[in-house]
Structures are given as structure tokens and as C-alpha cells.
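The values are calculated or read from the model by the stated rules, or taken from the named source; none is laboratory data. Treat the numbers as computed from the prediction; the structure is a model and nothing was measured. With ideal geometry, Cβ positions are generated from the backbone for all residues, glycine too; neighbour counts draw on all protein chains shown. Calculation scope for accessible area: heavy atoms of the full protein, side chains included, ligands and nucleic acids excluded. Shrake-Rupley method; radii C 1.70, N 1.55, O 1.52, S 1.80 Å.
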Amino acid sequence: MRAVVLVGGEGTRLRPLTETLPKPLLPLMDRPSLDHVLDHLARHGVHEVVLSSPYLEEMFEPFIGSRRGDPAITWITETAPLGTGGAIVNALFALGDEPFFALNGDILTDLDLTAMFELHRERRAEATIALHHVEDARAFGLVLTDPDGRVREFREKPELPVPGDINAGTYLLDPKVLTAWTAGEHVSIEREVFPAVIAAGHEVSAFLSDAYWLDLGTPAQYLQAHFDLFEGKVRGVSYPAPWVEGTADVDLRAHLGRWVAVGAGVTIGAGAQVDDSVIHRGARVDGQARIVASVLGPGSRVGSGATLMGCVLGEGSWVPDGAELDGARVPAGTEAASEAVVE
């Protein structure tokens, strides 16, 4: 079984974290979030995966080199962004003639891919789309289905908060439904490919499940993924709370709340308080600092007595002693103002 994992987005909503690191390589507890995606695929019998990205491509090389076990990775250089559909079409030459999975690389899920494959085969579908039910579909758009589970229509994002089934970003595709598009062209799978495939009369099935599903596209969602892992909401994965990597140096007089993840080489000083936050490798939190609902990028520093509420620090940025920041995003390699409030 093969798969394409879409990892080409620039992660603009997660800046400044993604100024220096692609979104799929942001750590999720003890390893990059892409590792979690690949491990999930391997558990469901996927042995080969294709990756491509035009954004910070060189950052993927160490990841691929250090990865062990299934699935084996084939990298395709993508000189320009090709969109969700174009990246898949561009990889067809490496995927063979059998159905393959295609999925977004910024989703944390425990979706039962084996059951999805079985449904695809039973219905003799040419494409199957995983759906997730939400109470407010404004951020996603809706997928409409017939009573028998056949996908009928993709609708744009509604203006009002309405419940419905949304595209969960995981597909099972027969290669022949993609032959109408040419490799190297920019194509959207949601706006161009699926509407055209449905209009052509191909069998497109829906796989609606109650699986855990979360888009990691914003700092709040990135934090929530950690919290949900702590609480055991993702089947097959568990972590102690708080989670502290073995090389981190946390002073015994520091306080770490339950929902805190501390990466390799982090230093946390005496009297510091950290709650509901993620601290990346090599960051430093000086004594008496207070960190709440924030993400500290690699090598960032928070000065003594500083307070951060809902902040995101880019790689190598720093916060002066005694500063008070509320909702600030500090670009990589820069110093934060002593007082910053971002609406």
C-alpha cells in the first residue's frame, strides 16, 4: 500500500514558528508531527510514502535521513507550489496502478484507514473521502452526501455557524480518476478535482467516522493537540503529563502544570511557572518568569520575571527581563518589546 502526504504548505497561520521550520516538522511531543502521521500510516499497512514540498525543502533532508522503518520515503522536488491536487498528480508516476491514500500532513488523527480501505473496496469506489462532523463548519466548508454515502457536492464555507460534515483531508484514490490532469500544473483537489470527478459520474464515497481529528494549522490548535495527547484522546498514543525530554534542565523550584511539553536541552530557572504551553528544544526560561498558553520556538529565551500570555516566540527570539506580553508573536531572531499586546 502506498500514500502521498501533502507537506508543501507554508504554515502562514503558525508564524513565526514556520519562518524557519516547515509545519510538518514542528515537534509534537518527542518527535516531528510528520513522524506521527507516518507512524499512523505504517500501523495500517502503508509501506511506501511520497513527500514533496517547495517550501524549506532542505529542512526535510535530515528528517528523511533519520527516519527508520515503514513507510519508506520517496522525495519529489517540487519547484513551485502545485496545490493539493497538483502535488498528488505530480506523484502518480511513483504510485503504481493500485488505489493509494493521499492525506494532509498537518492533521493529527486516529482514523481507521483499514476500515476506510475496506469500505472503498466494498463499494467499488474510485475515490473515497474521509469526513468529520463539526458543529461549526465556517472554517472548513461542507461536503454533502446521499443517504447511501455517495458524495454529491462540495460547498464553500458557510457564513453562519452551522453543523455539518467536512472534508477531513484523507482520501483513497484510484489513479485513473486523475489522468485528466497533467503533472506540474497547479490544481486544487477540493475545488477542481473532486467536483470534476463527481460531475463525470465516478463513484465517490464518503467515509464518516468518529475518529479523533484536529487540524494543526494555528498556535491554539497546535497547543490543543498536545493537550489531547496528554489526555489520551488519540487512540494508540500516550504521554505522561507534563512531558519533559530527558536532557532538559528544570529547576526543582520551578512549577510545570499538567499540560506542558518541554523539549531537548531546555532550561527552566528557579521560581518559573509554566502552564498549558510547549517549549521547543534549546529554549531558556529564566527564574520567576511566567508562561501561559504559549509556544516557545527553538533557542528562544524568556528573561527573568517576564510574563507571557498566549504568545508565540520564533526561533532564537528573546523577551527582556520583566517584560509583559499578551498575545504577541515575536519573529525569529528578534527581541520583543517590553510590553506588547496583539489583538
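Within region 232-249, does at least one residue satisfy the condition of being touching a Gly at 6+ places or on another chain (Cβ under 7 Å), open to solvent by 50 Å² or more (accessible area, probe 1.4 Å), within 21 Å of Ala137 (Cβ to Cβ) and in contact (Cβ under 8 Å) with a residue 12 or more places away in the chain? Within region 232-249, not a single residue is touching a Gly at 6+ places or on another chain (Cβ under 7 Å), open to solvent by 50 Å² or more (accessible area, probe 1.4 Å), within 21 Å of Ala137 (Cβ to Cβ) and in contact (Cβ under 8 Å) with a residue 12 or more places away in the chain. Identify the residue in region 80-105 that is farther than 18 Å from Asp174 by Cβ and open to solvent by 30 Å² or more (accessible area, probe 1.4 Å) and, among all such residues, is farthest from the chain's Cα centre (by Cα). Checking each candidate, the answer is Ala80.
The set of residues in region 114-136 being part of a strand (DSSP E or B), among the aliphatic types (A, V, I, L, M) and either touching a Leu at 6+ places or on another chain (Cβ under 8 Å) or buried (at least 22 other Cβ atoms within 10 Å of the Cβ) (or both) consists of Ala127, Ile129, Ala130, Leu131.
Beta carbons closer than 7 Å, at least 6 apart along the sequence or on distinct chains, pair a first residue in region 17-41 that is closer than 18 Å to Trp75 by Cα and without any contact (Cβ under 8 Å) to a residue 40 or more places away in the chain with a second that is part of a strand (DSSP E or B) and open to solvent by 10 Å² or more (accessible area, probe 1.4 Å) for Leu25/Pro32. Inside region 62-113, residues that are assigned to a loop (DSSP other than H, G, I, E, B) and either among the small types (Gly, Ala, Ser) or on the phi > 0 side of the Ramachandran plot (or both) make up a count of 5.
Residues of region 186-229 that are surrounded by fewer than 20 Cβ atoms within 10 Å (Cβ to Cβ) and assigned to a helix (DSSP H, G or I): Glu190, Arg191, Glu192, Pro195, Ala196, Ile198, Ala199, Ala220, Gln221, Gln224, Phe227, Asp228. Listed by first and then second residue, the pairs with beta-carbon distance under 8 Å, at least 6 apart or on different chains, first residue in region 296-322 and of a type in the set (Lys, Arg), second part of a loop (DSSP other than H, G, I, E, B) and open to solvent by less than 40 Å² (accessible area, probe 1.4 Å), are Arg301/Ala283; Arg301/Asp286; Arg301/Ser317.
Summed over region 40-61, residues that are open to solvent by less than 40 Å² (accessible area, probe 1.4 Å), of a type outside the set (Phe, Trp, Tyr) and assigned to a helix (DSSP H, G or I) total 3.
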